[in-house]
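The values are calculated or read from the model by the stated rules, or taken from the named source; none is laboratory data. Keep in mind it's a predicted model, so treat the numbers as computed, not measured. Counting neighbours? That spans all protein chains shown, and the Cβs are built from the backbone with ideal geometry, glycine included. Each accessible area value is taken on the protein alone, full model and side chains, heavy atoms only, with ligands, DNA and RNA left out. Shrake-Rupley method; radii C 1.70, N 1.55, O 1.52, S 1.80 Å.
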Amino acid sequence: LPLWVCGCCGALRPRYKRLVDNIFPEDPEDGLVKANMEKLTFYALSAPEKLDRIGAYLSERLSRDVARHRYGYVCIAMEALDQLLMACHCQSINLFVESFLKMVRKLLESDKPSLQILGTNSFVKFANIEEDTPSYHRSYDFFVSRFSEMCHSSYEDPDIRTKIRMAGIKGLQGVVRKTVNDELQANIWDPQHMDKIVPSLLFNLQSGERTESRSPSPLQASEKEKESPVELTERCFRELLGRAAYGNIKNAITPVLMHLDNHSLWEGKTFAVRCFKIIMYSIQSQHSHLVIQQLLGHLDANSKNSATVRAGIVEVLLEAAAIASSGSVGPTVLEVFNTLLRQLRLSVDYELTGSYDGNTNIGTKIIKAHEERQLQEAVIRTIGSFANTLPTYQRSEVMLFIMGKIPVPGVHLALPSTGSGPEGTRMIQIMLLKSLVQVTAGFQTTNMLTALPNSFLEPLLSFSLTEDPEARLLVLQILLSLIDRHDNRPKFSNIRYSGREHYETLFALLGLLSVELANEEVVVDLIRLTLALQDLALSTDEALPVYNRCAVHALAAAYLNLICQLTTVPAFCQHIHEVIEARQKESPFLLPEDVFIDNPKLLSSLEKVEGDVLFLQSKITEVLGGSGYNTERLATPYVPQYTDEDRLSKRKSIGETISLQVEVESRNSPEKEEITFETLKNAIVDSVGMEEQERERRRLVVEKFQKAPFEEIAAHCGARATLLQSKLNQIFEITIRPPPSPSGTISSGYGQTQSRSVPIYEMKFPDLCVY
């Protein structure tokens, strides 16, 4: 064609195409023609209806340039699109965005890393734009998949691989920002998206530096740190979790659990703990309990997995509970502890049976006892960590709940073992008592009755009579935690010596009782108890070894030395110090410093402990009575009263343990009843016989009401009602009498004296009663 025809045809091209063509220089190295770009932008703002055509034409040119490998022009086209996006916010922007996303997709599909990064950067800029009009049909499924794939890039060049992965992370961050708060977009929280986004972030978090999260808030990183995929991933992960609403927490956490499972990351613990630290610090605090519940459910789902896996989950629970607020347990408080206690029982069974299914044959999985022990200790620490987040009233409920789970031999097995036998029962008792030690640690209450109700105290004290010394020591530690409300326990640890924990703990318990419950009655009762200990050590009925007798004497001396200084009664202190001085001269083996050592020098027997080396009840009664103390109670010895649980707990002798579950014998009984083995045996036999008689009586009553005719039952009930009424009439006759009358009495016709009723206005009162 002639040149004038070509020039004429070029002039007939649409103006928007001419403006688009003019922004491209002849040499792509020169970059975007800025003056012409300003004209194109002004035209797009002046004629927004043309914006979609501008986008379509730019897309057409970019596709052609990509196919021809003219990457300089591709960069210019994307720069132009970015500037148009930033400048235009009209109602026609949606069609332009479709063209834009089509071009971004074209770049992301390219095999050239530079084009992938270019497309990602443009998408990130777009994601930060708030659109004025909603889009009902836009989909980001491709971008989620493609950016996730880039996060797992395995490009040969490590530098380029890092850039591709960082581009993928930024792209996912852009998708989240663009869609998370837009209800009209596809739900980014759906599992199909979360199952791609979360594992991609965790992959980059794991593959980089394995450093602890240093801050509970998103990191304010330096420019150098921003170049690290790990730091970028952590910020993106935090942002994702921070935007999660109540109903989206589960979908965000489930992929984390699956990723840790699939890559065996529970066993190392470090990465799993780091992930959930980020999660707990990033989510809204009121959603913490949802994460805890998912972890507990995952722990149950892995009940038959290896101990190292379960221990890893428990460690994560421990850290999560420490971070979470007081609402971390959520509304189902007891269910949390029930799950942990169930895992404790299962671990004991696995350790003793060597199998996950209760059979004695070990299957394909080898159970290692030391790993199960580590798991058990981790569970106990986690129980304590959860308890520390609870208010006082809920912690009291948890204490009662755990106490109800401890199996008492012959009474109940709240946590039955599947095949571990008596040893399993003993181990469960120890583990649950250790759990109570953790729960009661730091427990503060203003009302001691609230902390030690009978429903908790009686079964607890029954374990102080068991044969197992570890269980007895744990009971004493629990009592110490509950009684110590002012952190005084360290002040009573001055008799700490090797292997003498029971006596040290008993001394601390007596001391705390003296301080926390300081009043005259308590002091007198504790002195009575100490004198009873001295009598116990002197008694020949109890088969106590020589060391135990000396230790009890030393314990009594240590406590009386303390209590005499607290009471500040000079005569009392003088008597105590005289006895101690006498022991130092004659019997040093009756004092703590000579008994509670590694190799104490003891006599072969203690048949002649008498005279000045003993604390005298008569002398103590005299000096305390002279200072105003009520010493009548000192004359009444302690007589332990045992419950059914105490009788069923396995113990060899009263002398082996000292229980605080005691009652004062009636003051009208001056003599002390001697408790021997026969006495206890008869008490147990009598108790069993009475229980059988009671059950037979109840059976006869039920049988009578089931089989007897109605008339007989009615007559029986009527007779009882008549008897009750007659008794009530007698009581009323005694207690309800007419008021005394100044007019005196009159005689009835039957020879009985009756009070004559006189009206009030006719009565004569003394002058002092009238005003």
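Worth a mention:
- Residues of the range 3-27 satisfying the condition of being open to solvent by less than 60 Å² (accessible area, probe 1.4 Å) and either modelled with pLDDT under 80 or among the hydrophobic types (A, V, I, L, M, F, W, C) (or both): V5, G7, G10, L19, V20, I23, F24
- Selected residue [of a type in the set (G, A, S) and open to solvent by less than 10 Å² (accessible area, probe 1.4 Å)] from A245, A272: A272
- Helices (runs of 4 or more DSSP H) wholly inside the range 562-639 that include at least 3 residues being open to solvent by 40 Å² or more (accessible area, probe 1.4 Å) and modelled with pLDDT of 85 or more: 570-586, 617-625
- Single unsatisfied condition, S153 versus (1) open to solvent by 40 Å² or more (accessible area, probe 1.4 Å); (2) modelled with pLDDT of 90 or more; (3) not charged (D, E, K, R); (4) not in a helix (DSSP H, G or I): (1)
- Criterion (modelled with pLDDT of 90 or more, in a helix (DSSP H, G or I), more than 26 Å from T233 (Cβ to Cβ) and not small (G, A, S)) met by exactly one of L296, L317: L296
- Leading residue by the ranking (surrounded by the fewest Cβ atoms within 10 Å (Cβ to Cβ)) among those in the range 346-385 that are among the basic types (K, R) and modelled with pLDDT under 90: K365
- Which numbered condition N682 misses (of (1) modelled with pLDDT under 70; (2) open to solvent by 90 Å² or more (accessible area, probe 1.4 Å)): (2)
- Subset tally (residues that are closer than 23 Å to L340 by Cβ and either small (G, A, S) or buried (at least 19 other Cβ atoms within 10 Å of the Cβ) (or both)) for the range 438-478: 17
- Of the residues making up the range 60-74, those that are of a type outside the set (S, T, Y) and either open to solvent by 60 Å² or more (accessible area, probe 1.4 Å) or more than 21 Å from D27 (Cβ to Cβ) (or both) are E60, R64, A67, R68, H69, R70.
- Checking the stated criteria, L290 turns out to be closer than 25 Å to N248 by Cβ, modelled with pLDDT of 90 or more and open to solvent by less than 30 Å² (accessible area, probe 1.4 Å).
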